[in-house]
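Accompanying notes for the structure given below.
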Amino acid sequence: MKIALVTSTVPFVYGGARNIVSWLKTALEEAGHEVEVVALPFDEEPSRIVEQLGMFRMIDLTDQADLVVCFRPPAYLVQHPRKILWFIHHLRAYYDLWDTEYRGFSDNAIARARRELIQRVDNRAFAEASHIFTNSAVVSSRLREFNGVDSEVLYPPLGSEHSFSNNGYGNEVVAVSRLEHHKRQHLLIEALALTSSKVHLRLVGKGSMPGYGKSLLDLGARLGVADRLHVHDEWVDEDLKQQLLGDALVAAYIPVDEDSYGYPTLEAARATKGVLTTTDSGGVLELVEDGRSGLVVEPTAGALAEAMDRLYLDRELAAHVGNGAADRVDELGISWAHVVDRILSV
């Protein structure tokens, strides 16, 4: 079968949304299918969004592919009679982030008209889909709330090249993700400053805006924890990432209302490491259960500091939640064999 995987990209910004497409391509090819990735740049600058919606809508793959699978918005606007969505998230500024500080633009008549257009266009595309999968129960809930659409949760696995191992429980809380304000690495540093143990914090990832990475180093110096703070403001290779997680005390991932459990959470689980997260982290809570596969605390520096100290002083607890994280992944049946079976069966 000829299968087209259609997505949008932000040039030079890398993360889970790119990986899910690449890894699905490999899984489908290993299953004997011919696969083509169709990836077009997409800029969420408000003044350019509408014309880009039109660009995606003009793409008709009816004669080129037997099946189309669409990912990041607005890739699902492409035309094909057998179009499946593996829906990652909305254009969130026009949906669940509309009334938050993360909207990023003014609430005025033009913005509201743009929001209405985006939601109307999305609803039409959703109606065209043969089936809609999502990457989490959180995203499925948003689809029901905002679009009145039912969907099926299909958890994305890691790529086959990942080979994580547990090298013991060291003294570092390791947070692997893009350095972005909504990922709240700054809150982890504020927590580090309140710890009473000798726990360290290591932040690993490249942000889309270089200023935030520098601000994290400045914050650490200002709070007097520079000697226990390590910041890799860059994309590290897989070998180093696997080593850092393998040596970690615990992983940390505290985004604001994340769309899914996040690959950082799954990577930690594959290294048999628990995850420190917060009660408002969204889809992360589908994998992380308090006391079983990690610690879930209030999104405050004090609560995070207490959890860091607790894990540092109780390595048996660190091992317990690490084993629980690995068990939770198996319990959820997260595998590419399952993904391929579901996508090809609808």
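Taking the Cβ of each residue in SER260, SER345 as the centre, tally the other Cβ atoms inside 10 Å and list the residues starting with the fewest.
Values: SER260 25, SER345 7.
Lowest to highest Cβ neighbour count: SER345, SER260.
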Most to least packed among 130-142, 147-159, 36-48 [average Cβ atoms within 10 Å]: 130-142, 147-159, 36-48
P(r) weight above 31 Å for the chain, C-alpha pairs, percent: 35
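Let's test the formula: R0 of 56 Å, r as the Cβ-Cβ distance of ARG124 and SER165. What FRET efficiency results, to the nearest 0.05?
Numbers: r = 47 Å, r/R0 = 0.84.
With R0 = 56 Å, the Cβ-Cβ based efficiency is 0.75.
Helix-only mean residue ellipticity at 222 nm, the chain, DSSP H runs n ≥ 4 weighted -39,500 (n - 2.57), per residue, nearest 500. What is it?
On the way: 11 runs with 138 residues, N = 346.
Using -39500 (n - 2.57) per qualifying helix, the result is -12500 deg cm²/dmol.
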Net length gained if the chain between ARG48 and GLN64 were fully extended (0.36 nm per residue, minus Cα distance): 2.9 nm
Dipole of the chain [Lys/Arg +1, Asp/Glu -1 at C-beta], most positive-end residue of ALA221, LEU5, SER47: SER47
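Pairs LYS83/LYS206; LYS183/LYS241; LYS214/LYS241; LYS183/LYS273: which exceed 29 Å Cα-Cα?
Values: LYS83/LYS206 33 Å; LYS183/LYS241 18 Å; LYS214/LYS241 21 Å; LYS183/LYS273 19 Å.
Result: LYS83/LYS206 exceed 29 Å.
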Karplus-derived HN-Hα couplings along segment 151-158 (A = 6.51, B = -1.76, C = 1.60, θ = phi - 60°), whole Hz, x at Gly and Pro: 8, 10, 6, 9, 6, x, x, 7
Residues whose placed amide H lies under 5 Å from that of SER281, excluding near-sequence neighbours: ASP257
Length released on extending from HIS182 to LEU344, taking residue separation times 0.36 nm less the Cα-Cα span: 54.8 nm
Inter-centroid distance (Cα atoms) of segment 1-39 relative to segment 201-266, Å: 26
Interchain or long-range residues, amide H under 5 Å from THR9's placed H: LEU40, PHE42
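So which chymotrypsin sites (Phe, Trp or Tyr not before Pro) in segment 203-309 end up in coil per DSSP with only 16 or fewer other C-beta atoms within 10 Å? Present the calculation step by step, with values, prior to reporting the outcome.
Details: sites: TYR212, TRP235, TYR253, TYR261; in loops: TRP235, TYR253, TYR261.
The qualifying sites are TRP235.
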Long-range HN-HN contacts of CYS70 with modeled amide H, under 5 Å: VAL6, ILE84, LEU85, TRP86
Residue-wise HN-Hα coupling along segment 23-28, computed from phi with Karplus coefficients 6.51, -1.76, 1.60 (Hz; x: Gly, Pro): 6, 5, 4, 4, 5, 5
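Tell me, what is the Rg over Rh of segment 85-200, with Rh the Kirkwood radius over Cα pairs?
Working: Rg = 19.6 Å, Rh = 17.9 Å.
Radius of gyration over Kirkwood radius for segment 85-200 works out to 1.10.
Quote to one decimal, in nm, the extra length available between VAL236 and ASP330 on full extension: 0.36 nm per residue of separation minus the C-alpha distance between them.
Details: separation 94, 0.36 × 94 = 33.84 nm, distance 2.70 nm.
Additional length available on full extension: 31.1 nm.
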Per-selection Rg to Rh, segment 172-332 - Cα, Kirkwood hydrodynamic radius: 0.93
Charge tally in the Cβ shell below 11 Å around THR265, where Lys, Arg are +1 and Asp, Glu are -1, THR265 excluded: 0
³J(HN,Hα), Karplus 6.51/-1.76/1.60, whole Hz, each residue of segment 112-127, x for Gly, Pro: 5, 5, 5, 4, 4, 5, 4, 5, 5, 5, 4, 4, 5, 5, 5, 5
Peptide ranges 19-31, 172-184, 52-64 listed from the most packed, as the mean C-beta count within 10 angstrom indicates: 172-184, 19-31, 52-64
Debye equation applied to the C-alpha atoms of segment 26-109, log10 I(q)/I(0) at 0.24, 0.26 Å⁻¹: -1.24, -1.36
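We did not get these values from a lab; they are worked out from the coordinates using the rules stated. All values derive from a computational prediction rather than experimental measurement. Neighbour counts are summed over all protein chains in view; Cβ atoms, including those assigned to glycine, are modelled from backbone coordinates with ideal geometry.
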